[in-house]
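Novice: Can you read through this structure? Questions will come right after.
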Amino acid sequence: MSEDSRMLLFPLEIRKEISEYLDFSSMCSLVRVSRGWRKVWEEPLLWTQFRLTPKHVKDLEAILNTKRFSAMRSLRLKKLTKDSLQVLKSNPHIKCLEIHFLNNKHLDKDDFAEVLSRCEALKLHGDEYTSKPSKIREQTNALFHKMAEMTRRTKKMKRLTILGHNLSHIESSVLAKVFMQVEELEFDGFMLNTEQTAAIFHNWGLENNLKKLTVETWDVAHINPAVFADFFTKIEKVSTELHEEYGDFHTDEQVEKLFKTIDDSSRLKELNVSGSEFLSVNTDILARGINKLEKVNISNTQFEFKQLEKIFQQTLVKTNLKMLDVSRIKKIPLMD
């Protein structure tokens, strides 16, 4: 039996597992070995883990028309144009999409909303200083309304990242509904207004799927401390800033209530608050709260020495910690 024939006997499941260990260049080398190997390794399901970045719409069309990429699930586009939007519309198997530039007044807002809302993972980069902010806001508004409808019915969107886009024009109830339906969420907190922030916190728990949250510079100082704590302890993984470098975005009461609320029944397991400030938080409450978690990043954070000492003392008594990052701790007075 020839080497090509033996390769043909490998079931697709085995070839798929092999492909997971190979990079793009290695996969391309396999299809160049022989005609037999090309037939075996050009199976579209073996290429779905790769994410390509076509430069032009012609490149995008050419890629999706080849056999190996006919089941492509993930794409990164530097710019979304009217033509590339139509290509995406005719290829519903694209489920993970990253777009770096949306400044295109020719995009139809309904097509834009339809194509992007059917993604399982969507990442949008923006520039609020664009020359056509009103058109982009019209498109993002249509997108959020479409996602609110679709997530309620089919829950397609699982991961949503929106950076550099002002979202303050979106209806508060719509924004809150979308944010509660996804499983992973990342956004710029300063891009929301007070009413939107309040809607997110006060509608929490009605139908919440969020498991991972990443947000910076989010003004939540007006939120009740109990609501603030309840919100964050119901998310498995949280990465945020709890400091005042850019203003009073939180209160000491909120932060202390958060650590006091953390217990063994909390969903919160991983907390990244690197760059925060905890000088005003009760030492015992802080130590117990941190030790109730599994992974904590408090690097580049301001502590009093007694606070850090208490955290380590608590680990000798009872702890759930598996990882604690205390690198680059700032302003710790030396022991007498």
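Novice: Work out which chymotrypsin sites (Phe, Trp or Tyr not before Pro) in the chain are exposed loop sites (DSSP not H, G, I, E or B, at most 10 other Cβ within 10 Å) and give the longest gap free of them.
Specialist: Values: sites that count: Y21, Y129.
Maximal segment without exposed cleavage sites: 130-336.
Novice: Given that just one value was derived from the coordinates, which of (1) 27.0; (2) 16.3; (3) 21.6 is mean projected area of the Cα convex hull in nm²?
Specialist: Comparing each candidate, only (3) matches the computed number.
Novice: Given the options Q139, Q313, Q86, state which has the largest fluctuation in a GNM of the chain using a 10 Å cut-off (strictly under) for Cα springs.
Specialist: Highest fluctuation among the options: Q313.
Novice: Follow-up question, since we're still on this one. Hey, if you put +1 on the Cβ of every Lys and Arg and -1 on every Asp and Glu Cβ in the chain, which of F24, A198, T233 ends up farthest toward the positive end of that dipole?
Specialist: F24
Novice: Past the 24 Å Cα-Cα mark, which pairs from K16/K123; K177/K237; K177/K257; K234/K318; K234/K310; K16/K39? Mind dumping the intermediate values first?
Specialist: Numbers: K16/K123 27 Å; K177/K237 19 Å; K177/K257 26 Å; K234/K318 22 Å; K234/K310 26 Å; K16/K39 14 Å.
In this structure, K16/K123; K177/K257; K234/K310 exceed 24 Å between Cα atoms.
Novice: If you put +1 on each Lys and Arg Cβ and -1 on each Asp and Glu Cβ, how big is the dipole of the chain around its Cα centre, in Debye rounded to 20? Could the numbers behind the result be given before it?
Specialist: Details: 52 positive and 49 negative charges, 341 e Å.
With Lys and Arg at +1 and Asp and Glu at -1, about 1640 debye.
Novice: OK, next. Quick one: length gained pulling D108 to S29 fully straight, 0.36 nm per residue minus the C-alpha distance?
Specialist: Value of the extension gain: 24.4 nm.
Novice: Amide H of N272: which non-local residues (sequence gap of 5 or more, or other chain) have their own amide H closer than 5 Å, using H built in the peptide plane?
Specialist: Amide H neighbours of N272: V238, S239, T240, N297.
Novice: What is the extension gain from S173 to H202, computed as 0.36 nm multiplied by their sequence separation minus the C-alpha to C-alpha distance, in nm to one decimal? Each step should come with its number before you reach the end.
Specialist: Details: separation 29, 0.36 × 29 = 10.44 nm, distance 1.04 nm.
Once the chain is fully extended between S173 and H202, it gains 9.4 nm.
Novice: Same structure again: Please find the FRET efficiency linking D83 to Q49, where r is the Cβ-Cβ separation and R0 is fixed at 35 Å, and quote it to the nearest 0.05.
Specialist: Working: r = 27 Å, r/R0 = 0.76.
E between D83 and Q49, to the nearest 0.05, is 0.85.
Novice: Could I ask something else about it? Express the accessible area of the chain per residue in Å², computed with a 1.4 Å probe while the remaining protein chains stay in the model. Walk me through the numbers before you get to the answer.
Specialist: Working: 17100 Å² over 336 residues.
So the chain comes to 51 Å² accessible per residue, rounded to a whole number.
Novice: Next question. At a 10 angstrom cut-off on C-beta neighbours, averaged per residue, how do the peptides 58-64, 113-119 rank from highest to lowest?
Specialist: 113-119, 58-64
The values are calculated or read from the model by the stated rules, or taken from the named source; none is laboratory data. What you see is a predicted model, and the numbers here were worked out from it, not measured in a lab. As a convention, Cβ positions derive from the backbone with ideal geometry for all residues, glycine included, and neighbour counts pool all protein chains shown. Accessible surface is based on the protein model in full, side chains and every heavy atom, while ligands, DNA and RNA are left aside. Shrake-Rupley method; radii C 1.70, N 1.55, O 1.52, S 1.80 Å.
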